[in-house]
Amino acid sequence: MDARKIAAIAQELYPEFLLDLEALVNMDSGSEDVEGLQTVVDYLVPRLGALGLTPEVEWHDQYGPFLTARTRGSGEATILFLSHLDTVWPRGTAAKRPFELKEPFAYGPGVNDCRSGILCALYAVKVLQKLGFQNYGQLILVFNPDEELGAPWSGRLITELARTADVALVMEGPTFPDEFIISRAGTMNYTMEVTGRPIHSGVAPEDGRNAILELLHKLLKIQTLEQHDGIKVNLATISGGEKQGIVAGHASADDQVQISV
Ligand SMILES: [Zn+2]
């Protein structure tokens with residue numbers, strides 16, 4: 001396909017894209033704001049329908065709507081486009097700081113995470129239609145409502161859909177223009193609890209076992225994981241001990257380990 005032709009069509013659609021972006025950014029739809037999330041779905045469904053996609057909504061009382069939209073082509077590959085409907089912002093944020101365009105940047109709650117991603121999926125289909133390109137088996141656009149919570153509900157639904165796909169494109173906006181990210185770090189959060197043997201430190205401290213000391217040994221050891229490429233450790237919080245005069249019987253810490261491959 002001719003890249004210049006694709007860019008020219010995208011450029012032609014850009015003013016319309018900005019109008020849709022403004023409309024979406026000005027809708028509050030924080031995670032678990034099921035009414036707000038439904039407003040976004042109500043905006044998208046007719047537009048997806050107009051592109052010949054078949055929208056389908058699954059509902060969860062706590063998390064709201066999970067929207068998918070499919071279209072079939074004449075080729076082989078199944079391609080998944082993932083973007084999310086929720087933002088991290090509470091109701092009222094859109095009224096306080098609505099969409100604003102100061103070229104080359106656009107501002108407003110969730111503008112890049114993930115409003116522009118939602119629209120990039122939709123407009124990718126628009127561009128393909130204008131090109132008359134149908135050499136795909138199936139396009140599946142997925143819009144989940146609980147991404148900012150770690151996808152506690154939709155994660156399972158997405159995994160099932162991903163099994164049917166040849167390619168999955170996550171439409172989250174990148175940090176820099178024209179950046180194509182092929183992997184992100186995975187994060188594991190740990191809470192470590194250490195139990196010692198509390199005892200009066202003035203009488204027979206050797207009979208006690210200090211939980212703080214043991215925790216420190218463990219944390220220093222975890223920190224050495226950073227010697228491996230692609231591993232980052234964040235020792236985030238620490239607490240423990242009872243009071244002066246007592247060998248600490250308890251200590252705990254929260255850590256975060258990020259692994260990128
Ligand atoms: Zn996001």
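The values are calculated or read from the model by the stated rules, or taken from the named source; none is laboratory data. For clarity, every value in this text was computed on a predicted model and none was experimentally measured. FYI the Cβ positions are ideal-geometry reconstructions off the backbone, even for glycines, and counts take in every protein chain you see. These accessible areas exclude ligands, DNA and RNA; they are computed on the full protein's heavy atoms, side chains included. Shrake-Rupley method; radii C 1.70, N 1.55, O 1.52, S 1.80 Å.
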Amide H contacts of ILE246 (H built 1.01 Å from N, under 5 Å, at least 5 apart or other chain): SER201
Angle between the chain longest axis and helix 154-163 axis [Cα atoms, degrees, rounded to 10]: 60 degrees
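What's the magnitude of the charge dipole for the chain around its Cα centre, counting Lys and Arg as +1 and Asp and Glu as -1 at the beta-carbon? Answer in Debye, nearest 20.
Details: 21 positive and 35 negative charges, 71 e Å.
Using Cβ point charges on Lys, Arg, Asp and Glu, the chain gives about 340 debye.
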Whole-Å distance, taken between Cα centres, linking region 1-25 and region 174-218: 48 Å
Long-range HN-HN contacts of GLY173 with modeled amide H, under 5 Å: GLY117
Residues of region 186-259: accessible area per residue with a 1.4 Å probe, Å²: 68 Å²
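Which net charge results for the neighbourhood of GLU12, defined as the other residues with beta-carbon distances under 14 angstrom from its beta-carbon, given Lys and Arg at +1 and Asp and Glu at -1? Walk me through the numbers on the way to the answer.
Numbers: positive: ARG4, LYS5, LYS126, LYS130; negative: GLU16.
My count for the surroundings of GLU12 gives +3.
Report for the chain the percent antiparallel among DSSP-assigned beta bridges with both residues inside it, nearest 5.
On the way: 37 of 49 bridges.
Looking only at bridges with both residues in the chain, the antiparallel portion is about 75 percent.
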Computed P(r) (all Cα pairs; the chain; 5 Å bins; percent): 1, 5, 10, 13, 13, 12, 10, 8, 7, 6, 5, 4, 3, 2, 1, 1, 0, 0
Distance histogram for region 135-187 (every C-alpha pair counted, 10 angstrom bins, percent rounded to whole numbers): 18, 48, 32, 3
Region 102-112 - phi-based ³J(HN,Hα) in whole Hz, Karplus 6.51/-1.76/1.60, Gly and Pro as x: 10, 3, x, 10, 10, 10, x, x, x, 4, 9
Share of carbon and sulfur in the accessible heavy-atom surface of region 186-259 [1.4 Å probe, %]: 54 percent
222 nm mean residue ellipticity, helices alone, for the chain (DSSP H n ≥ 4; -39,500 (n - 2.57); rounded to 500): -10000 deg cm²/dmol
Rounded tilt (10° steps) of 211-223 against the dominant C-alpha axis of the chain: 40 degrees
Degrees, to the nearest 10: 34-50 long Cα axis against longest axis of the chain: 30 degrees
